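This report refers to the structure that appears directly beneath it.
The values are calculated or read from the model by the stated rules, or taken from the named source; none is laboratory data. Here the structure is a predicted model, which means the values were calculated and not measured. Reconstructed Cβ throughout: ideal geometry from the backbone, glycine too, with neighbour counts over all protein chains shown.
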Amino acid sequence: MSSTSKIKEYIAILADKTTHLDVAKTTQAIAKKFGLSDRLVNYTHIELRNKMNEFGYRRIPFKDRALFIPHCLKNSAKCKAPYGDEGLECQRCGKCQITDLIGLAKEIGYGYVFVCPGGSMVQKLVQKYKPKAVLGVCCYDEANMGFEKFYGTQIAPQAALLLYDGCKDTKANLIEVREKMMLIDKN
């Protein structure tokens, strides 16, 4: 990596950490002024943090990335998949979006794909497999915790917020997840 690339990456990392609280306050002020929903405020906050981490994420090959899918995307009434040491062991039955996300990640060539119940398992799996970049499909709180956990590490994070959360039978924006998965520098 060139010196200028290293400088750009460090600026992005530093900006993420030092502006986090200001970004949160700014998005709250914007929301109040324009009557935005909490969801749009949270989305704006996470997208700002994504942008600040995108430079590092783009330079990581797909094979060195991990996709973390929340288990709350499963169809709770129909899912028969068991849980193992590394999360939900999806059978790819097609009754929820997890099948689509796993298929897309495999098609693109992601090195690791996990269906997890939360951040503590994500952290355990990152320590075990050591991906260089991670994409979490998650709620706002999990995204923020993820950004904080990966700050100061060599791991480049990105997050795609759920369309709605609630820890059960949630939905992801598959188009947005795909866009984030495909972020890569072709050089």
With the structure loaded, tell me whether G118 is touching a Pro at 6+ places or on another chain (Cβ under 7 Å) and surrounded by 15 or more Cβ atoms within 10 Å (Cβ to Cβ) or whether it fails that test. no
Within the stretch 131-187, tally of residues that are among the aromatic types (F, W, Y), under 22 Å from F62 (Cβ atoms) and more than 11 Å from the chain's Cα centre (by Cα): 1
Hits in the stretch 37-82 - residues which are out of contact with any Gly (no Cβ under 9 Å at 6 or more places or on another chain), closer than 20 Å to M121 by Cβ and not polar (S, T, N, Q): L73, K74, C79, A81, P82
Extreme residue, nearest to V137 (Cα to Cα), among residues of the stretch 41-75 that are among the β-branched types (V, I, T) and at pLDDT 90 or above: I69
Filter the stretch 55-70 down to residues that are among the aliphatic types (A, V, I, L, M) and farther than 16 Å from L163 by Cβ and give me whichever is surrounded by the most Cβ atoms within 10 Å (Cβ to Cβ). L67
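To keep it simple, each residue is scored yes or no on (1) of a type in the set (G, A, S); (2) touching a Lys or Arg at 6+ places or on another chain (Cβ under 7 Å); (3) farther than 14 Å from D169 by Cα; (4) surrounded by 15 or more Cβ atoms within 10 Å (Cβ to Cβ).
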{"position": "N53", "(1), (2), (3), (4)": "no, no, yes, yes"}
{"position": "K78", "(1), (2), (3), (4)": "no, yes, no, no"}
{"position": "P82", "(1), (2), (3), (4)": "no, no, yes, no"}
{"position": "I98", "(1), (2), (3), (4)": "no, yes, no, yes"}
If K128 satisfies every condition in (1) of a type in the set (K, R); (2) over 15 Å from I60 (Cα atoms); (3) touching a residue at least 60 places away in the same chain (Cβ under 8 Å) but one, which is the exception? (3)
Might you check whether a residue that is aliphatic (A, V, I, L, M), within 20 Å of R178 (Cα to Cα) and surrounded by 14 or more Cβ atoms within 10 Å (Cβ to Cβ) occurs anywhere in the stretch 19-26? no
Kindly indicate whether any position in the stretch 144-162 is touching a Ser or Thr at 6+ places or on another chain (Cβ under 8 Å) and in contact (Cβ under 8 Å) with a residue 60 or more places away in the chain. yes
Qualifying helices (runs of 4 or more DSSP H) (wholly inside the stretch 76-187; at least 1 residues being of a type in the set (D, E, K, R) and modelled with pLDDT of 95 or more): 97-108, 119-129, 174-181
